[in-house]
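One structure below.
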Amino acid sequence: MTSFWQTLELAVWNVTHRISWIDVLDILIVSVIIYEIILLTRQTRGSAVLKGLVFLLLATGVSTMLGLTSLNWMLMALLNNGALVLIILFQPELRKALESLGRGTRRSWHSETEERERIIREIIQCMTDLSRRRVGALLVFERQTGLNDVMRTGTAIDGLISAPLLENIFEPNTPLHDGAVIIRGTRVMAGACILPVTDDTSVDRDLGTRHRASIAISEVTDAVVLIVSEETGIMSVAQQGRLTRHHDADSLRRVLEGLYHEPAFSFRNLFKKQHPVQEEEP
């Protein structure tokens, strides 16, 4: 036990009296490497192995400091021979990790542009398909004003935007078809959300609840809303309390390109991890 405290005391003294900028740089580099390894193995089989490896390293260090010779010999044998076994067992994960390091962890401007184009294309396809089949739809795009309160009135989805997903949500006689879908960046956050209805008496009386709700949400927030009429199949856009009707694929593209290229949909906001809405504690 005395040896352990002497070793600990020596380690503390070295850190506090002999550390240099080279040591700081060395620690930072190792920290970054460990952090990147954790990111690469997160949510894979390698994460469990990494936890086991950390445990073995800690146990080996403790056994060395406490002078547990037999245990230390066994642990060292596991570490020395286990590295080769890990390489063989986790060859796919290691290959993917090295490929990721080669490409870099950040998305390039080119890939960001491709993703934006894909999203716009998927939304237009969804809108035109629903319009052709006269299936009602209400898509609300969150911008600067948060819509968490609206999302809580519906069902959390948190799925990547795609035409099949959106069309399936609005398919008649399905659980989520009646209500609005809230979209945040690249994610479909919630479906079957309940929107307020505008009190504006100047709104055309021929417009139904779906169109009145789209006007109302665009009055109280900066959201952009896309609507498909169930009766006529006409595609409309609501923004800043105003409703424009009879849109086609080209005009929808202009609206979506303006939406997804504005600062609110910058690189950071567009690709950051989105989380489903959680209920607040009462």
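No lab work stands behind these numbers, since they all come straight from the coordinates. Keep in mind that what you see is a predicted model, and the values were worked out from it rather than measured. Note that each Cβ is placed from the backbone with ideal geometry, even for glycine, and that neighbours are counted across all protein chains shown.
Okay, here's what the table says:
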| quantity | calculated |
| --- | --- |
| Summed side-chain charge close to ILE182 - residues other than ILE182 whose Cβ falls under 13 Å, Lys, Arg +1, Asp, Glu -1 | +1 |
| Coil-residue GluC sites (Glu not before Pro) of segment 176-238, DSSP, other Cβ within 10 Å capped at 14 | GLU231 |
| Net charge of neighbours whose Cβ lies under 9 Å from the Cβ of GLY233, counting Lys and Arg as +1 and Asp and Glu as -1 | +1 |
| Relative contact order (%) - segment 110-271, alpha-carbon pairs under 8 angstrom, separation at least six | 26 |
| Where trypsin sites (Lys or Arg not before Pro) fall in DSSP loop in segment 137-226, at most 11 other Cβ within 10 Å | ARG205 |
